[in-house]
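Each remark here refers to the structure printed beneath this line.
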Amino acid sequence: AGTVKACEASLKRLRVERIDLYLLHWRGTHPFAATIEAMETLIDQGKIGAWGVSNLDLDDMQELLEQDNGHHVQVNQVLYNLSRRGIEFDLRPFAVEQNIALMAYSPIEQGRILKDAALVAVAERHGVTPAQVALAWTLRHPGMISIPKASTVQHVQDNRACLDVTLDATDLAGLDRAFAPPKKRRPLEML
Ligand SMILES: NC(=O)c1ccc[n+]([C@@H]2O[C@H](COP(=O)([O-])OP(=O)(O)OC[C@H]3O[C@@H](n4cnc5c(N)ncnc54)[C@H](OP(=O)(O)O)[C@@H]3O)[C@@H](O)[C@H]2O)c1
């Protein structure tokens with residue numbers, strides 16, 4: 001009931017009749033089955049187009065998929081950027097296998113990685129900004145969605161242009177040296 005109420009309040013605040021993709025922010029205390037039932041009701045009522053989740057680690061995703069209609073989940077929004085690569089070990093392979101999209105939140109680590117020397121070096125080689133390289137790096141995986149937050153027009157334009165940056169093997173190797181990929185399972189990080 002809380003999920004339906006929260007959605008209705010969001011529709012009002014956004015002044016729209018439908019939300020295309022509605023996400024459960026994190027696991028919380030309510031059983032997945034009840035939340036999924038609410039999400040499906042919202043779809044039936046035309047209030048949302050599809051639903052997804054956020055901040056769910058592998059074990060949570062497995063549990064979600066065991067529920068009725070759990071496989072209707074469209075996306076898992078997770079912390080992913082050069083300095084937060086844990087999902088590459090297990091969560092991403094699982095999402096690919098299950099055909100569930102991943103959405104990288106805080107893809108430039110809220111600005112904290114932008115002065116990193118390896119990132120700056122790749123950016124200089126391409127004549128682009130470190131933010132563009134950091135975003136292009138998240139998007140190197142097919143099907144990955146990346147959601148930088150920008151509050152200036154310049155940043156929005158800068159970020160859009162990351163789609164024109166193609167990182168080559170030398171770039172990726174340099175970034176791997178500075179930001180090592182995971183060698184073992186790490187619990188999903190959150191911000
Ligand atoms: N699901 C979750 O639990 C969760 C948690 C955290 C965040 N999120 C979502 O993730 C999205 C983004 O995350 P975030 O804001 O935490 O981190 P972020 O996108 O990694 O970083 C945002 C910061 O980077 C700056 N920035 C943006 N584009 C830039 C550019 N081209 N060059 C230099 N600086 C740039 C922004 O400055 P300006 O504002 O000045 O442009 C802002 O200070 C948001 O939609 C947020 O809601 C989700």
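Every number here is computed from the coordinates shown, using simple stated rules; none is lab data. All figures in this text were calculated on a predicted structure; none of them were measured in a lab. Here the Cβ positions follow ideal geometry from the backbone for every residue, glycine too, while neighbour counts run over all protein chains shown.
Details
- Net charge contributed by nearby residues that have their C-beta within less than 15 Å of Q45 (K/R +1, D/E -1): -2
- Order of R92, R186, R140 - criterion: other Cβ atoms within 10 Å of each residue's Cβ, fewest first: R140, R186, R92
- A Förster distance of 30 Å, applied to the separation of the beta-carbon atoms of A178 and Q154, puts the FRET efficiency at 0.70.
- Charge-dipole axis of region 74-191 as Lys and Arg at +1 and Asp and Glu at -1 on Cβ define it, positive-most pick from A134, A169, L188: L188
- In this label model, R185 and E8 are separated by 4.1 nm, measuring between points 7 Å along each Cα→Cβ vector.
- Ranked F89, F32, F179, criterion: other C-beta atoms within 10 Å, fewest first: F89, F179, F32
- Each Lys or Arg adds one and each Asp or Glu takes one away; over the other residues whose Cβ falls under 15 Å from the Cβ of Y105, this sums to +2.
- Size descriptors for the chain (Cα atoms only): Rg and Dmax, in that order, 18.1, 53 Å.
- Exposure proxy shown here: for V156, V133, the number of other Cβ atoms within 10 Å sets the order, fewest to most, as V156, V133.
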